[in-house]
1. What are the residues in region 6-55 that are of a type in the set (F, W, Y), without any contact (Cβ under 8 Å) to a residue 60 or more places away in the chain and touching a helix residue (DSSP H, G or I) at 6+ places or on another chain (Cβ under 9 Å), if any?
2. Can you go through R19, R11 and tell me which one is more than 23 Å from A108 (Cα to Cα) and either assigned to a strand (DSSP E or B) or at pLDDT 95 or above (or both)?
3. Looking at T127, T158, T65, T122, which is the one that is modelled with pLDDT under 60, hydroxyl-bearing (S, T, Y) and within 16 Å of T14 (Cα to Cα)?
4. When region 2-18 is examined, which residues are found to be crowded, with 17+ Cβ neighbours inside 10 Å and in contact with an Asp or Glu (Cβ under 8 Å, 6 or more places away or on another chain)?
5. Would you say R59 is charged (D, E, K, R), open to solvent by 20 Å² or more (accessible area, probe 1.4 Å), in contact with a strand residue (DSSP E or B) (Cβ under 9 Å, 6 or more places away or on another chain) and within 30 Å of A117 (Cα to Cα)?
6. Taking the stated definitions as given, is G104 assigned to a strand (DSSP E or B) and in contact with a Phe, Trp or Tyr (Cβ under 7 Å, 6 or more places away or on another chain)?
Amino acid sequence: MNETMVCAVGRVATQPVYREMVSGPSARFRMAVTARYWDREKNTWTDGHTNFFTVWANRQLATNTAASLTVGEPVIVQGRLKVRTDVREGQSWTSADIDAVAIGHDLAWGTSAFRRAGKADTAPSPTQPEPNWETPPEGSAEPGGTHAQHPSEVAVLT
């Protein structure tokens with residue numbers, strides 16, 4: 001099967017949410033990718049359109065993501081692009097997810113110190129309730145989208 005692999009360079013928009021699932025650790029966060037261009041008339045760099053992606057990490061990548069990333073940090077994410085369209089309350093919603101295979105800090109903006117993770121390392125639990133910013137999976141019985149799970153999740157979030 002062909003997959004669309006992408007490499008996105010942007011900033012962490014939401015604090016990573018870490019969960020222990022039956023299939024292993026899972027983490028997700030929103031990533032903002034803003035185009036910048038040189039405006040010749042103003043003779044300055046200008047921000048263009050911002051795209052937001054939900055980044056999903058599993059297993060050890062999930063644990064390391066939750067322990068390493070905070071809001072606002074520059075990151076590079078490589079993974080499989082998944083675009084979904086859904087109709088909620090008569091409106092069409094489109095979401096773009098990236099199933100990450102690699103996540104790292106963008107060293108063009110600063111330095112980072114690598115530490116090999118031990119097997120006993122676990123990510124901290126979120127201290128505040130997580131926002132509902134996901135598009136519900138197809139066939140969801142919840143029209144308002146009060147809770148959505150990634151299609152690969154097989155257990156109820158705890």
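1. We begin by selecting, within region 6-55, every residue of a type in the set (F, W, Y); these are 18, 29, 37-38, 45, 52-53.
Imposing the further condition that a residue be without any contact (Cβ under 8 Å) to a residue 60 or more places away in the chain reduces the set to 29, 37-38, 45, 52-53.
Passing the criteria: only F29.
2. Details: R11 fails: more than 23 Å from A108 (Cα to Cα).
One residue alone meets the criteria, R19.
3. Working: T158 fails: within 16 Å of T14 (Cα to Cα); T65 fails: modelled with pLDDT under 60; T122 fails: within 16 Å of T14 (Cα to Cα).
Unique residue meeting the criteria: T127.
4. R11, V12, V17
5. Yes, satisfied.
6. So G104 fails the test.
Every residue, every condition in (1) outside any strand (DSSP E or B); (2) open to solvent by 80 Å² or more (accessible area, probe 1.4 Å); (3) more than 21 Å from G118 (Cβ to Cβ), yes or no:
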| position | (1), (2), (3) |
| --- | --- |
| F29 | no, no, yes |
| Y37 | no, yes, yes |
| T63 | yes, no, no |
| G72 | yes, no, yes |
| K82 | no, no, yes |
| S92 | no, yes, yes |
| S95 | no, no, yes |
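The values are calculated or read from the model by the stated rules, or taken from the named source; none is laboratory data. In this text the structure is predicted, and so the values were computed from the model without any measurement. For neighbour counting, all protein chains shown are included, and Cβ atoms are generated from backbone atoms with ideal geometry for every residue, glycine included. All accessible areas refer to the heavy atoms of the entire protein, side chains included, with ligands and DNA or RNA removed. Shrake-Rupley method; radii C 1.70, N 1.55, O 1.52, S 1.80 Å.
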